[in-house]
Amino acid sequence: MSTSTLTRTRFPSALLVAVGLAAGFGIAQGTGVRALGGAVFAAAGVAAGVLWLRRRGAATAIALAALYIGAFVLAHVLAIGVGMPAWLAVSLVTLASAGVTFAVADQPRTDGSAR
């Protein structure tokens with residue numbers, strides 16, 4: 001499926017955020033290969049970034065990319081620094097960042113613009 005098709009079909013970029021964070025963590029944990037989880041995280045982030053840029057422009061794409069990377073960092077801080085179980089930390093940041101992403105980038109615009 002091409003990116004232009006994803007943009008037209010309103011594929012939820014929040015799903016890419018959730019997959020990047022949760023599946024990236026799960027793959028890194030399950031395989032023991034952190035780079036493999038990082039590759040999933042990066043690929044999902046790039047795909048989401050393309051959708052954000054096409055749907056909402058550069059400023060929103062940059063802000064959501066910062067949120068995505070910040071969620072990744074926060075999960076580590078919560079798990080390592082605070083001592084929260086890793087799956088709980090990843091779940092919390094995934095839900096929060098996917099929710100914000102859906103609200104900002106995936107909901108249809110109410111102003112009637114096509115973009």
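Checked against (1) modelled with pLDDT under 95; (2) in contact with a Gly (Cβ under 7 Å, 6 or more places away or on another chain), F11 passes all but a single condition, namely (2).
Are any residues in the range 97-114 open to solvent by less than 60 Å² (accessible area, probe 1.4 Å) and without any contact (Cβ under 8 Å) to a residue 40 or more places away in the chain, and if so, which ones?
Residue satisfying the conditions is S113 alone.
Does the range 75-91 include one or more residues that are outside any loop (DSSP other than H, G, I, E, B), of a type outside the set (K, R) and in contact with a Ser or Thr (Cβ under 7 Å, 6 or more places away or on another chain)? Among the residues of the range 75-91, not one is outside any loop (DSSP other than H, G, I, E, B), of a type outside the set (K, R) and in contact with a Ser or Thr (Cβ under 7 Å, 6 or more places away or on another chain), which makes the answer no. The condition of being within 20 Å of Q107 (Cβ to Cβ) and open to solvent by less than 60 Å² (accessible area, probe 1.4 Å) holds for only one of R10, R55, that being R55.
The values are calculated or read from the model by the stated rules, or taken from the named source; none is laboratory data. Because the structure is predicted, anything quoted here is derived from the model rather than measured. In this analysis, Cβ positions are derived from the backbone assuming ideal geometry, glycine residues included, and neighbour counts consider all displayed protein chains. We work out accessible area using only protein heavy atoms, side chains counted, and drop any ligands, DNA or RNA first. Shrake-Rupley method; radii C 1.70, N 1.55, O 1.52, S 1.80 Å.
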